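Here is the structure we will look at, set down as structure tokens.
The values are calculated or read from the model by the stated rules, or taken from the named source; none is laboratory data. Keep in mind the model is a prediction, meaning the values are calculated, not measured. Glycine gets a Cβ as well: all are built from the backbone with ideal geometry, and neighbour counts include every protein chain shown. In case anyone asks, the SASA skips ligands and DNA or RNA and just uses the protein heavy atoms, side chains included. Shrake-Rupley method; radii C 1.70, N 1.55, O 1.52, S 1.80 Å.
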Amino acid sequence: MPLLFYFHFKIICAILTSGYVILKHWRYSMDKQPCLPVKITAKKWADKLQDGSVYMRSLHDFGSWSAIKPHNSGNGQMKDGVQGDIGEGIVRRVDPKVGDEFFNSFDPELRSVMKDMFYIEENIFQFCKIYCMYGLTYLIDERRFEQPDERLREFGDSAVIIYDPNEFLNRVLHALYNKYGDNCNFKLDEVHYYPPDYYGELDEFCKHDSYAWQNEMRMRVALLDENETITDADGRVRKHLIQDISPITLDIGSIRDISVQISVDDLIALRLPDIIKPPVED
């Protein structure tokens, strides 16, 4: 019988301990549609993933911090293989018609030509390591997969569909513990897309709705310094975030037993292998 495994969740956070992995929060959101994680990339990187190599860049490479550098130099290109979004790193958007205490202190003539007002976070998010995947959504009521957007070709020519995402997550978490012990913080969530007229708080799982076609799910890892702690506003002692933008690579072992690789053209056309198609009812 064909198999269909899927994520059907709102947020996953994890605590890593010495003998096993504890899922701290697995909050189901039943209004969400189930989806399969798909890594779309160049063929050589797709092969490496199936061999067990999970390469995670810092959010710095994707967002406003690094996007500004090539923009100012007249080069609109990001690093090789990176789809940049200058909005990554924005933690609060302010309505320019209203402003706030900071923006309203500017000269009125300057404020009158401001189309956007926002704050960019500098101390945490850019140092987080992320792994981005496309969510191949299954529409339960219609009994079909949602049509992928043709722009997904921008990410590469190959697609690795992970048809047992729970086991994939388990291997990632164990690899994190084997490499970093309990000196890391992990979160997995879908990316939330906000409209142009949204004003308020944002985090590292938020993007402008012009990117909604990416239907992204994201793993985020924050590495912690066991020798340096801080006390938060609630009086809790926490390990300090390591402020390093270097990428990390996890070796999770071969995932060829829980994934299948197809061309991105086949993904977009929904020419999917039988193993990931839901059972057909007579």
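The set of residues in the stretch 207-234 being open to solvent by 20 Å² or more (accessible area, probe 1.4 Å) and either out of contact with any strand residue (DSSP E or B) (no Cβ under 9 Å at 6 or more places or on another chain) or touching a residue at least 24 places away in the same chain (Cβ under 8 Å) (or both) consists of HIS208, TYR211, TRP213, ASN215, ARG220, LEU223, LEU224, ASP225, GLU226, ALA233, ASP234.
Of the listed requirements (1) touching a Lys or Arg at 6+ places or on another chain (Cβ under 7 Å); (2) modelled with pLDDT of 90 or more, ASP209 misses just one: (1).
Would you check if ASP80 is modelled with pLDDT under 85, more than 15 Å from the chain's Cα centre (by Cα) and open to solvent by 70 Å² or more (accessible area, probe 1.4 Å)? Judged against the criteria, ASP80 is a match.
Restricting attention to the stretch 44-63, the residues that are part of a strand (DSSP E or B) and in contact with a helix residue (DSSP H, G or I) (Cβ under 8 Å, 6 or more places away or on another chain) total 3. Residues in the stretch 235-267 that are open to solvent by 60 Å² or more (accessible area, probe 1.4 Å), under 30 Å from TYR138 (Cα atoms) and of a type in the set (Asp, Glu): ASP251, ASP257, ASP265. Annotation note: Cβ proximity below 6 Å between a residue of the stretch 40-62 that is among the aromatic types (Phe, Trp, Tyr) and a residue that is in a strand (DSSP E or B) (sequence gap 6+ or interchain) occurs for TYR55/THR249. The residue that is modelled with the highest pLDDT, counting only those in the stretch 86-135 that are surrounded by fewer than 17 Cβ atoms within 10 Å (Cβ to Cβ) and among the polar types (S, T, N, Q), is SER105. Being in contact (Cβ under 8 Å) with a residue 12 or more places away in the chain, farther than 26 Å from GLY87 by Cα and open to solvent by 60 Å² or more (accessible area, probe 1.4 Å) is a description that applies to ILE140. Show the residue pairs meeting these rules: Cβ distance below 9 Å; 6+ apart or different chains; first residue within the stretch 243-258 and farther than 12 Å from GLU167 by Cα; second residue among the aliphatic types (A, V, I, L, M) and in a loop (DSSP other than H, G, I, E, B). From residues that are farther than 12 Å from GLU167 by Cα, the pairs are GLN243/ILE124.
Scanning the stretch 188-206 for residues that are open to solvent by less than 40 Å² (accessible area, probe 1.4 Å) and charged (D, E, K, R), we see that the one that is farthest from GLU146 (Cα to Cα) is GLU204.
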